[in-house]
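J.: Quick one: this structure, given as structure tokens, is what I'll be asking you about.
The values are calculated or read from the model by the stated rules, or taken from the named source; none is laboratory data. Source: prediction; values computed, not measured. Positions of Cβ are backbone-derived with ideal geometry, glycine not excepted, and every protein chain shown enters the neighbour counts. These area figures cover heavy atoms from the full protein model, side chains too; ligands, DNA and RNA do not enter into them. Shrake-Rupley method; radii C 1.70, N 1.55, O 1.52, S 1.80 Å.
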Amino acid sequence: MNHKPVTRILVLNGPNLGRLGSREPEVYGSGNLADLEALLVESVPPGIEIDLRQTNDEGELIDWLHEAVDSATPVVLNPAAFTHYSYGLRDAAALVTKAGLPLIEVHISNPHTREEFRHDSVISGVATGVIAGFGFDSYRLGVDQILRARS
Ligand code: DHK
């Protein structure tokens, strides 16, 4: 396991999550990424940095997971649509957890109540845990769990 003290948490967001606030608000709520960042920053104790990022690019998301490994930084990951088919992202997520770092998969909605193609996650099998269906609180619960579990 990795015993570096937690000072920063990477909160990584996949495709189309940059449109939060205007994208299907009945599913994803009315808050945008800046609102999510503010919620998380205010929920963590002093000395913990929330490093929230979003990309529509699979390769960039994979690079950020490599960066998490190299810097021993825990991850909260909303893979968005990549959840359902990206084996490249899965392999990168496995690098994080095999390095002994937590990687919490989160979803704003509960994909199991939605279309069939959303029922499968190729990420869950290599994640530390999965939180879905609680809106932005899914992220907050993920961050809380990383902080509770730190040694
Ligand atoms: C976000 C997406 O963009 C979808 O592709 C996933 C996930 C669900 C969410 O609920 O956060 O299917």
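J.: Can you list the residues of the range 42-65 with backbone N under 17 Å from a point 7 Å past the Cα of A81, pointing along Cα to Cβ?
T.: The answer is 54-62, whose backbone nitrogens lie closer than 17 Å to the label point.
J.: Separate question: Just grab the label-to-label distance for E37 and A72, each label 7 Å out from Cα along the Cβ direction, in nm (one decimal).
T.: So the label points at E37 and A72 sit 2.7 nm apart.
J.: Residues of the range 112-139 with backbone nitrogen within less than 20 Å of a virtual label 7 Å along the Cα-to-Cβ line of R23, please, listed as ranges.
T.: 112-124, 131-139
J.: Determine ³J(HN,Hα), in whole Hz, for all residues of the range 93-105 in sequence, where each value follows from phi through the Karplus function 6.51 cos²θ - 1.76 cosθ + 1.60 and θ = phi - 60°; x replaces Gly and Pro.
T.: Taking θ as phi minus 60°, the curve returns 5, 5, 4, 5, 6, 5, 7, x, 9, x, 9, 9, 7 Hz for the range 93-105.
J.: Report, in cubic angstrom per residue, the convex hull volume of the C-alpha atoms of the range 60-104.
T.: Each residue corresponds to 59 Å³ of Cα convex hull volume.
J.: Could you work out how much longer the chain between R53 and K98 gets when fully extended? Use 0.36 nm per residue separation minus the Cα distance between them, nm to one decimal.
T.: Fully extending the segment from R53 to K98 adds 14.0 nm.
J.: Then there is this: Can you give the charge dipole size of the range 8-149 about its Cα centre, rounded to the nearest 20 debye, using +1 on the beta carbon of Lys and Arg and -1 on the beta carbon of Asp and Glu?
T.: Dipole magnitude for the range 8-149 comes out near 260 debye.
J.: Compute the whole-percent fraction of alpha carbon pairs in the range 8-149 spaced more than 20 Å apart.
T.: 40
J.: Percent of accessible area on the range 48-141 owned by carbon and sulfur, 1.4 Å probe?
T.: 49
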